[in-house]
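A short write-up of the structure that comes next.
We did not get these values from a lab; they are worked out from the coordinates using the rules stated. Here the structure is a predicted model, which means the values were calculated and not measured. Counting neighbours? That spans all protein chains shown, and the Cβs are built from the backbone with ideal geometry, glycine included.
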Amino acid sequence: MELDERKLKILRAIVRNYLETGEPVGSRTISKYTDLNLSSATIRNEMADLEELGYILQPHTSAGRIPSDKGYRLYVDQMMAEKEKEVQEIREQLLQKEEKMDQLLKQTAKLLANDTNYAAMVSAPVVRGNKVKFVQLSRVDTEHLVAVVVAEGNLIRNNMISISSPIDDETLLKLNILLNTSLNGLSLSQINLGMIANIKAQAGAHEDIVSEVLDAVAETIGQDEDLEIYTSGAKNIFRYPELADNQNASEIISAFEEKNSLHSFVRQTLEEESQNGIQVYIGSESPVSSMKDCSVVTATYDLGEGMKGTIGIIGPKRMDYEKVVDTMKSIMNQLNTVYK
């Protein structure tokens, strides 16, 4: 028999409350715990049906109810299905956004170059200082669990964990609650040694599992993503005699083609929070050695959830700064709202 929504909500509330307290759960507790706005009498009737169907048990007379194995199984299966659906939706959204963003940033670099008659670059957004969204610990078989860690920016990491003995549903649920209650919304810098020790202590005999999950969390929210940079208009350098001699032009164009120095430059701008506005580097101030005879103007766009990227214009020192800054402000504002 498939449970209706009301019975499912009551069963979920019983399971969650029992996992948190370890005590049998009564109808009065459930009436405060759910958003059903039902009387205790109505909840008692529903609990009686759940007991008859084998989803909950009454350990002794006049006591509240606790989940049965069948109740745990339904709770776990539904929770797993919901989390799996959420992860799949995130993956699909990412694919769509990545394709859309790829085209948008290529067009943006081309637009900047055409509009200013200088060389332009735009970096794809990367996640900085991201935080844990949720952790899903699931059973693969009797010897393996998989930890799915989802971070801000919808970074996803799967980590397979070997276990020496099977873990029952109640223990798995308690570990998931422990991990999510402790870690959700935290950045890597906020997960200190004292917190780690406390989580491991609460995990008890399953400390080794928690340790591997924490390693996966650290790798996910601390990972350094590959940085994609889109460039356009390198040949505009030849418009300006002071940059057009063979050595200057070839060095600048080489920097645009190879992108190694641009990668370092972009990472530097993203590391410095103070550079969320527009920055102007003139001549020797440029952090890219091949551009010491140029001016470089950069701006950081922010898509939210820690996702940031850099826009850059490279031209002669006599560039039209007012026009460049106005163009950068316009592009930065448009990119800031692209995911909103």
Next on the checklist: Taking R0 as 25 Å, what FRET efficiency do you get between Gln247 and Asp326 from their Cβ-Cβ distance, rounded to the nearest 0.05?
Outcome noted: 0.20
Checklist entry - For Lys7, which lysines qualify as cross-link partners when the Cα separation must be under 24 Å and same-chain residues fewer than eight apart are set aside? => result Lys32, Lys70, Lys83, Lys85, Lys174
Checklist entry - If each residue's Cβ is checked for other Cβ atoms within 10 Å, how do Val126, Val266 rank with the fewest at the top? => result Val126, Val266
Checklist entry - For the peptides 317-330, 45-58, 188-201, what is the packing order when you average, over each peptide's residues, the other Cβ atoms within 10 Å and list the highest mean first? => result 45-58, 317-330, 188-201
Item to check | In Hz, Karplus ³J(HN,Hα) per residue of the stretch 323-335 (6.51, -1.76, 1.60; θ = phi - 60°; x = Gly, Pro) | outcome: 5, 4, 5, 4, 5, 4, 4, 5, 5, 4, 5, 5, 5
Checklist entry - Between Glu20 and Asn180, what is the FRET efficiency for a Förster distance of 22 Å, r being their Cβ-Cβ separation, to the nearest 0.05? => result 0.95
Next on the checklist: Can you sort Asp293, Asp208, Asp141 from fewest to most other Cβ atoms within 10 Å of each residue's own Cβ?
Outcome noted: Asp141, Asp208, Asp293
Next on the checklist: With angles folded into 0 to 90 degrees, how steeply does helix 260-271 sit against the dominant principal axis of the chain? Use alpha carbons for both and round to 10.
Outcome noted: 60
Checklist entry - What are the lysines whose alpha-carbon lies under 23 Å from the alpha-carbon of Lys106, with same-chain residues fewer than 8 places away excluded? => result Lys97, Lys235, Lys259, Lys308, Lys323, Lys329, Lys340
Checklist outcome for this item: Stretched fully, the stretch from Ile196 through Ile282 gains (0.36 nm per residue minus C-alpha distance, one decimal, in nm) 26.3 nm
Checklist outcome for this item: Bounding extents of the stretch 129-222 in its principal axis frame from Cα atoms, largest first in Å, are 36, 26, 18
Checklist entry - Taking 1 over the mean of 1/r across every pair of different Cα atoms in the chain, what Kirkwood radius in Å do you get? => result 23.8
Checklist entry - Based on the Cβ-Cβ distance from His60 to His144, what FRET efficiency comes out when R0 is 25 Å, to the nearest 0.05? => result 0.10
Checklist outcome for this item: Computed for the stretch 137-222: size of charge dipole around the Cα centre, +1 on C-beta of each Lys and Arg, -1 on C-beta of each Asp and Glu, debye to nearest 20, value 240
Checklist entry - How large is the helix-only mean residue ellipticity at 222 nm for the chain, computed as the sum of -39500 (n - 2.57) over DSSP H runs with n ≥ 4, divided by its residue count, in deg cm²/dmol to the nearest 500? => result -16500 deg cm²/dmol
Next on the checklist: At 7 Å along Cα-to-Cβ for each site, give me the label-to-label distance between Asn114 and Ser40 in nm.
Outcome noted: 7.2
Checklist entry - Hey, how many Å between the Cα centroid of the stretch 153-217 and the Cα centroid of the stretch 129-150? => result 8
Checklist outcome for this item: A student applying the Cα gyration tensor rule (rounded when a/c is under 1.5; otherwise prolate if a/b is larger than b/c, oblate if not) would label the stretch 5-67 rounded
Next on the checklist: Quick check: pseudo-label points 7 Å beyond the Cα along Cα→Cβ at Gln107 and Thr171, how many nm apart are they?
Outcome noted: 5.4
Checklist entry - How far apart, in nm, are two points set 7 Å out from the Cα along the Cα-to-Cβ line at Asn260 and at Leu188? => result 2.4
Checklist entry - For the chain, what is the charge dipole size about the Cα centre, in debye to the nearest 20, if Lys and Arg each add +1 at the Cβ and Asp and Glu each add -1 at the Cβ? => result 800
